[in-house]
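Q: I am attaching a structure below and will ask some questions about it afterwards.
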Amino acid sequence: MRNTRYGSSRRRNSQPILPPAPLNRAGRGGPAQPPSPQFLPPFVNRRPTPREIAEHGPLCKTVPVLCRDTWVALVNFVGRRYIQAMNSRNAEAAVDAIIWLLHLPRSLTKCRGGKKNRHARSISAQIRAYHERLRREHGESYPPFPRHNHEPAESSHEDRQRKRAVAEARSGYLGRAARTLVSQPPLQQSAILDKLKAQHPAGPPIADIPQVPLHLRSPLFDIQGGKEFKDFIRRRVATGAAPGPSGFTGEMILATLHDEHCVDLWIRIIHDLRSGEMPAAAKEYLLASRLVGIPKQHDPSKPRPVAPGEIFFRMSMLHALHHENAQPIRQLFEPLGMLGTSVPGGCEQIVHSVQALLDAGRFVVELDFKDAYQLADRIAALGTVYSQPNLQQLAPILHWSHSIHSPLHVCDDGEVLDSLTSQQGSRQGCPSGGIMFEATSFKPVSATRARFSSVDDFLRTFFDNVYFSGLIPERIIEAVKFFLAEALRVNLVANLPKCKIIYTGADPLPDCIVEFARENGIPIVREATIILGAPVGRDQAAIKQMCIKVVESHDRFFSALAHDNIPVHEGMLILSRSGVPRLSYLSRCVRPELLSDAARLFDKRVLRTARQKLQLPDTDKLNAATLQLALPVKHVGFGLRPVRSTSSLAFQGSIAAAAPALQKLFPLGLPVPFQHAIDANWQRVKSLVDPQNDAKLTSLPKKPKDTLRFYSEDRSRAHKLQKMLTAQYERLQFERLKSEAGPEDRARLVSGSQQMAGACWATIPFTRSLRMSDSEYRAAARLRLGLPLSDNMPAKCACGFALNGSVAHLTSCVIFHGSYVTKRHDEVVNCLGRGIRRLGGFAHVEPRHLRFDRDNRRPDIDVFIGDQRFLVDGSVRRPTSSEPLRATIEAATQKGEYYKAQAEAARATFVPFIIETFGAWGDRALKFVKDLRKAVLPGSSFDAREFYYLLCSEIAVAVQRGNARTIAYALQAARARDSSDIAPRWPRSVVQVGGSLIVAVR
Ligand SMILES: [Zn+2]
């Protein structure tokens, strides 16, 4: 801040109080410069005395109209400081503010001047200069216009959660947004510091950690740049995850991907870390993590230590795990029954197996370990990694990252409270955690298998959850004891009270089991329990109750989502993409007949939330609309898939995936209750996806009892089975909906399922141009669902057309041509023009220089891309027939004829850019945008896909926003007509002749 002295001693007659700024002294007789007002704020050395305040030249008595806003802003700025000072009882600051306030009139110093009117202008220049200077010197803290701050100063945890969730949804992290909505309030880190310390005990000295054997030191691998690498960053690195201590995030890496030099840098870093060439001195920087204790869901008193580390190490580890190494890892662990890493659906496979074993009347022992991740023995893990050929590629990076005591900074409010070190196991939140744990438990598992390798023995692990079963109880107990002893040697201590012995058979328990349970304090479960998040057992009522409890645990999510602070647009995206899938794991694991009550409850909550968000009116059409809401976006729905009808499809998919394992477990046939469940489910699936028994389904066995054999013989049959079945089911539902609809609704449904019609509803509103306000979204959604806009719809449109409860007419009523309908058209055209310019092309919207023929016709945009010229004319048309894209074809032909001669004369290609009201694009429009995508130059700041996505979404959203506005205005006009005889004011383009309307052709 420039230090100006208060109360200038250099007063001149003409400018009494202005400081000696060079501006004012600029040559006499030169052009009149606006006087620079003296600037008060710096009370750096001392306050001005009251006397000095009184010393000034003549001031204006009123604020000139021209400067009023600026003046208000100035007063506001100083006034706010005063109020703040008073609120915080800061007397000194309050006095300063008062003095400042008293000084403000100096910005209105009278200037003597000859010419008329000069007075006001010079004042205006003066006050503007003052204002500008204030803004410059006070930067952000000076708002040019008063800001309205409606929020309470102290925002609650829920408020912050909702805000964060909306921001995450806008960045495309819908799953994360859903988790944020239900997250527990953060723990005070200083209060749990001791617990965190206890969770990170001392480990082996660094010198004891074995070096990488020589032959493993320079592994051969190839890191491809290009598209594959960018996809890797997009999918696995830029996930919105919390940053490490430096604050560097995956998104920051994502933002650099268009620059080849940056990509080279990232590849280099990955290479150096994976090959272990990164200098050891970098370890304490790259391996440092923030340590955050977050509340555990079931036991809030105990923190779960999550340690987000630096993104560069995480990126390299993920790259090492997902490129080239996924298959070898699976080949190593799957035969041992270790299903944690690299076995998709491993969790469900264990649940099904355990249920089948229980149905067969066998025992299952579940083991649980204390703080397994943080305590697992590093040396044992590295030993496995070095000795197993399938893991040897990972040896350098795992050694590099686990051969120091990596720092963990416990932070709270941006302040480091304490620094611990991670000396054993691995950190939660680090991608190496899973593989390190599996490598640690490899030894006990393989030793146990080697010793107890009878056909009937069952041993499966899912990270720190271990399951034992077998025919002979004594043998199970022996195996469990042996495993526990082996586990202890790699530092895994069993948490006995949390272990379980599950036995649901009718016979009494054998003595050896009872004794073992009593000795170790292990509870025995006789009816039903939850393993790996899914209920198993024989007590059906208990299982149903457990499912309902799971559904009820999601209540917080739904009520958080229904809050008014979550915008409808983001809320509906979160609901459909991360709300509905909340029950998908359960529906894959639990038999549909046991889940049905819970599923019904869940579907009810989903629908209720959707109705709250969309404020759907209660009409007779609501049933059809509810069916439509449940369909996917491509079938004119909102993706709120009902769990109740699709749970049997999910169960079928899961059983198919687990079929080889189940068949191996029971080669002579499944236990009867389990086989019954599979048979019953086959019937249900058949009736859902093939009710007429005429579809040739290759993904379903001919007879229910063949199910296991069918999917084990050819594993590709189970691949994406649930997806295929669900798609088939939803297609049938959509056909049904169409066949039951009237002609107008059918036209809407057909149009809404055409190309690009879903773009608006699937788009992530990451920028302002893609967002719809709540009212816009609601109106557009009702239009899509064919619902009336409000409960008291006027009977007739302002033009006299009978509406019959439908709003489709209002989107294109003739009397709004020239106003709202044209505005919608203009926005589409503007979006397209903007997109072409983004590409580096030239787009002249409304080219007035182009006039042709007698009617001075001109298209909407004159486009040059490279040396090619296009004349583009856009239009939004309402589909009236149920023939797909009919409206666009008609309009394209009509426009093509109209502009044909003009395009030929201009040596240009004419492009009719026609979009239907419900969002479907004409073929020519789609082709044009696809051609634009091809014209994206390599090395631009966006890639072709991003360009295409943004452009299509912008246009799609512009159409729906335009629809919403038109409908709202048209409804108003219709109500005005209803309520009085005074006709609305017709736009110029409409001429009323004897009660009929004739549209003047433009
Ligand atoms: Zn009308």
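Q: Calculate, in nm to one decimal, what residue 867 and residue 890 gain on full extension: separation in residues at 0.36 nm each, minus their alpha carbon distance.
A: 5.3 nm
Q: Give the residue from 315, 282, 772 lying farthest towards the positive end of the charge dipole for the chain; charges sit on Cβ (+1 for Lys and Arg, -1 for Asp and Glu) and the dipole is referred to the Cα centre.
A: Value: 772.
Q: Something else now. Set Lys and Arg Cβ to +1 and Asp and Glu Cβ to -1, take the dipole of the chain about its Cα centre, and tell me which of 171, 654, 902 lies farthest positive.
A: 902
Q: Assuming 0.36 nm per residue, please report the length gained on full extension of the stretch residue 163 to residue 296 beyond their Cα-Cα distance.
A: The residue 163-residue 296 span can extend by a further 45.6 nm.
Q: Let me ask something else about it. What distance in nm lies between label points placed 7 Å from Cα along the C-beta direction at residue 379 and residue 540?
A: 5.6 nm
Q: Here is a follow-up. Pop a pseudo-label 7 angstrom from the Cα along the beta-carbon direction at both residue 447 and residue 801 and give the gap in nm to one decimal.
A: 8.1 nm
Q: While we're looking at this one, here's another question. Any idea what the alpha-carbon Rg over 2.2 N^0.38 Å comes to for the chain?
A: Taking the Cα Rg and dividing by 2.2 N^0.38 Å, one obtains 1.17.
Q: I'd like the orientation of helix 91-103 relative to the chain: the angle between its Cα long axis and the longest Cα principal axis, in ° from 0 to 90, rounded to 10.
A: 30 degrees
Q: In addition: Under a Cβ-only charge scheme (Lys and Arg +1, Asp and Glu -1), can you give me the dipole magnitude of the stretch 649-738 about the Cα centre, in debye to the nearest 20?
A: Rounded to the nearest 20 debye, it is 100 debye.
Q: Same structure, new question: Just grab the label-to-label distance for residue 694 and residue 252, each label 7 Å out from Cα along the Cβ direction, in nm (one decimal).
A: With each label placed 7 Å out from Cα toward Cβ, I get 6.2 nm.
Q: Which of rounded, prolate, oblate describes the stretch 787-877, given a ≥ b ≥ c as roots of the alpha-carbon gyration tensor eigenvalues and a/c under 1.5 marking rounded, otherwise prolate only if a/b is larger than b/c?
A: prolate
Q: So if each residue of separation counts as 0.36 nm, and I subtract the Cα-Cα distance between residue 854 and residue 703, what length gain in nm does that give?
A: Taking 0.36 nm per residue and subtracting the Cα distance, the gain is 47.0 nm.
Q: For residue 304, enumerate residues with amide H under 5 Å from its amide H, sequence gap 5+ or separate chain, H modeled in the peptide plane.
A: Under 5 Å from the amide H of residue 304: 294, 296.
Q: Also, quick follow-up: Using a 10 Å cut-off on Cβ atoms, rank the peptides 703-713, 309-319 from the highest mean neighbour count down.
A: Taking the mean over residues of other Cβ atoms within 10 Å, the ranking is 309-319, 703-713.
Q: What do you get for the angle between helix 378-387 and the principal long axis of the chain? Use alpha-carbon atoms, 0 to 90 degrees, nearest ten.
A: 80 degrees
Q: Take the Cα atoms of the stretch 459-590, find their three principal axes, and give me the spread along each one in whole Å, biggest first.
A: Between the extreme Cα coordinates on each principal axis of the stretch 459-590 lie 59, 38, 23 Å.
Q: Would you please give the FRET efficiency between residue 512 and residue 664, computed as 1/(1 + (r/R0)^6) with r the Cβ-Cβ distance and R0 = 22 Å, to the nearest 0.05?
A: 0.25
Q: Sticking with this one: Assign unit charges at the C-beta atoms only (+1 for Lys and Arg, -1 for Asp and Glu), then state the dipole size of the chain relative to its Cα centre in Debye, rounded to the nearest 20.
A: Dipole size: approximately 4800 debye.
Q: Using the crude model of +1 on Lys and Arg Cβ and -1 on Asp and Glu Cβ, and no other charge, please compute the dipole size for the stretch 727-777 relative to its Cα centre, in debye to 20.
A: So the dipole magnitude of the stretch 727-777 works out to roughly 160 debye.
Q: Over the alpha-carbon set of the stretch 522-675, work out the extent along each principal axis and list the three values in angstrom, largest first.
A: Extents along the principal axes, in whole Å: 55, 36, 26.
Q: Now a separate question. Can you work out the PRE-style zone for residue 672? Point 7 Å along Cα to Cβ, and I want the residues of the stretch 685-706 with backbone N under 18 Å.
A: 705
Q: Continuing with the same structure: Would you mind checking the tilt of helix 592-614 against the longest principal axis of the Cα atoms of the chain, expressed as 0 to 90 degrees and rounded to 10?
A: The answer is roughly 10 degrees.
Q: Could you check how much of the accessible area of the chain is carbon and sulfur, as a whole percent, using a 1.4 Å probe?
A: Ligands and nucleic acids excluded, carbon and sulfur reach 52 percent.
Q: Per-residue accessible area for residue 626 at 1.4 Å probe radius, Å² rounded to 10?
A: Accessible area of residue 626: about 40 Å².
Q: Report, in deg cm²/dmol and to the nearest 500, the calculated mean residue ellipticity at 222 nm for the chain, where each DSSP H run with n ≥ 4 adds -39500 (n - 2.57) and the sum is divided by the residue count.
A: -15000 deg cm²/dmol
Q: Considering only protein heavy atoms, what per residue accessible area in square angstrom results for the chain with a 1.4 angstrom probe?
A: 48 Å²
The values are calculated or read from the model by the stated rules, or taken from the named source; none is laboratory data. Since the model is a prediction, treat every value here as computed from it, not as a measurement. Note that each Cβ is placed from the backbone with ideal geometry, even for glycine, and that neighbours are counted across all protein chains shown. Side chains are part of the model used for accessible areas, which takes the heavy atoms of the whole protein and leaves out ligands, DNA and RNA. Shrake-Rupley method; radii C 1.70, N 1.55, O 1.52, S 1.80 Å.
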